[in-house]
Amino acid sequence: MGAAASTVRLGFLADLLSRPVIVGYLAGVAVIMIAGRLGAATGVPVAGRAFPAQAASFAERIGGTRPATAAIAASVLAFLFLIQWRWPRAPGALLAVLLAAGCVGAFGLPRNGVAVAGRIPAGWPAPALPGMNPGDLRKLLLPAFTVFVVGFSDLVLTARAFARRGEQVSANRELLTLGAANTAVSMLHGFPVSSSASRTATGTAAGSRTQLYSVTAAIVVVAVVVLARPLLASFPQAALAAIVIYAATRLIDVQAFRRLVAFRRGELVISASALAGVLAAGILYGVLIAIAVPVAELLLRVARPHDAILGLVPGLAGMRDVDDYPQARTIPGLVVYRYDAPLFFANAQDFRRRALAAARCHGPPRWFVLNVEANVEADFTAFEAMEALRDELGQDGTIFALARVKQDLLVRLNAFGVGTFDSAGGWHAGNIERRTRELAESPGARPLSRSA
């Protein structure tokens, strides 16, 4: 499925994953990582697989914290922060695990209730082709597609979040790789393959910078399965939990949240929604929520955009929003109007209603000029609304004209039949500005605002 999606270039869907989404998503992943390791870090038996259940279970049983286990986790966590602060290039995670394992052996900590990794299972998967029952295949198509969408979104989110400055993530190449990996693992009766934000964070915290980290990790896993299982069995679970918690804290970009607060509240809402979605629905379905929220917010902004009546400002070239420039002058009998968004079905009627109100705010004008420089795209519904606006203005005796029409829009306008507009002349930007400046010198020109 991933290979097929790559072939038809569906990687553009990854462009829906904005920076606020990534910031909120990673913060949610960090909280889930921490909640999932609280039991191992404190010795408290935590029930549940989702974050809400784990948090509630831990809060109810926090009185059962084992001091020795919590002390090991706290010590390892403090050691990792110290290493990062003073010696950032040192392999802090490896040193922490080795020191913790040494303490377990030296002081016999398992007798004090400190859990260790224990027996490491071994074994090799046996290659075999998956069954291809047609009935089962039909039942699996929709769930498989859901897993694919969520897995791909998670993969791209993680890739973009951890990409270093200047690196580019090719969504279509990621799609192809995802499809190849899942095809290969299906031959070994494995689970669906995607990325892992927690493992990536752990690797980043350990200093990984290239794919060599993954190759080394694969080699170490094979070596452990074959040779080092007895050694790993003595590693304290609290130390491993502390390493994961440390990696999780590095996923929370506090500075990014501060910038979102300063930039625009809507962006912060998107980030917070992504965070809440991951916590409430889990990482997989939280990705879908994280994608849906910014799309909905974008549609809302485009459906009700800014608009402006334009006038001439002494000393400034071009025409300006009269609400931004109190000294702007408009000419009696002429309204130049701009609607700052592409025109489509969601804002077509809003455009018609607001444009008509602008035209009639001081009585029907002789000319109504629609500046379409911001309307780079329009659909059939929008053209119908434009045609209705022209007809309504015509009933008032107002002439409807367009300015700054781009060629693509001009082609569609003429194909729809709103009217024939000659790109070589007529009411275009230069002619409007020249004519309005001539009229501005007349005694009737006056300052105007929407509320005047």
Seminar exercise, completed: Apart from one, (1) touching a residue at least 12 places away in the same chain (Cβ under 8 Å); (2) in contact with a helix residue (DSSP H, G or I) (Cβ under 8 Å, 6 or more places away or on another chain); (3) open to solvent by 50 Å² or more (accessible area, probe 1.4 Å) all hold for Val261; the odd one out is (1)
For this session: Sort out which residues of the range 56-113 are of a type in the set (Val, Ile, Thr), under 21 Å from Gly36 (Cα atoms), touching a Ser or Thr at 6+ places or on another chain (Cβ under 9 Å) and in a helix (DSSP H, G or I), and write them in order of number.
Result: Ile62, Thr69
For this session: Determine if the range 49-59 includes at least one residue that is open to solvent by 30 Å² or more (accessible area, probe 1.4 Å), more than 28 Å from Gly28 (Cβ to Cβ) and not aliphatic (A, V, I, L, M).
Result: no
For this session: Go through (1) modelled with pLDDT of 85 or more; (2) touching an Asp or Glu at 6+ places or on another chain (Cβ under 9 Å); (3) of a type in the set (D, E, K, R) one by one and return the number of the condition Glu297 breaks.
Result: (1)
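Which of the residues belonging to the range 53-82 are under 23 Å from Ala281 (Cα atoms) and either of a type in the set (Gly, Ala, Ser) or in contact (Cβ under 8 Å) with a residue 24 or more places away in the chain (or both)?
Taking the range 53-82 and keeping what is under 23 Å from Ala281 (Cα atoms), we get 53-60.
Residues satisfying the conditions are Ala53, Ala55, Ala56, Ser57, Ala59.
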Exercise. Cβ-Cβ below 7 Å, separation at least six or inter-chain, first residue in the range 327-356 and under 25 Å from Arg301 (Cβ atoms) and in a helix (DSSP H, G or I), second open to solvent by 20 Å² or more (accessible area, probe 1.4 Å) and among the basic types (Lys, Arg): which pairs?
Worked result: Asp350/Arg304
Problem set entry | Failed item in (1) open to solvent by 30 Å² or more (accessible area, probe 1.4 Å); (2) in contact with a strand residue (DSSP E or B) (Cβ under 8 Å, 6 or more places away or on another chain); (3) more than 26 Å from Ala40 (Cβ to Cβ), with Leu298 passing the rest | (2)
Problem set entry | Scope the range 357-388; condition open to solvent by less than 40 Å² (accessible area, probe 1.4 Å), closer than 18 Å to Leu312 by Cβ and assigned to a loop (DSSP other than H, G, I, E, B); matching residues | Pro365
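For the range 32-48, which positions are open to solvent by less than 40 Å² (accessible area, probe 1.4 Å) and within 25 Å of the chain's Cα centre (by Cα)?
We begin by selecting, within the range 32-48, every residue open to solvent by less than 40 Å² (accessible area, probe 1.4 Å); these are 32-33, 35-36, 39-44.
Selection gives Ile32, Met33, Ala35, Gly36.
Would you kindly identify the helices (runs of 4 or more DSSP H) lying entirely within the range 194-286 that contain at least 1 residues that are under 30 Å from Gly105 (Cα atoms) and either modelled with pLDDT of 80 or more or not small (Gly, Ala, Ser) (or both)? Steps first, answer last, please.
Details: elements: 197-205, 212-223, 229-232, 237-249, 254-263.
Correct list: 197-205, 212-223, 229-232, 237-249.
The values are calculated or read from the model by the stated rules, or taken from the named source; none is laboratory data. These numbers were taken from a predicted model, which means no experiment stands behind them. Neighbour counts run over all protein chains shown; Cβ positions are idealised from the backbone, glycine included. Each accessible area value is taken on the protein alone, full model and side chains, heavy atoms only, with ligands, DNA and RNA left out. Shrake-Rupley method; radii C 1.70, N 1.55, O 1.52, S 1.80 Å.
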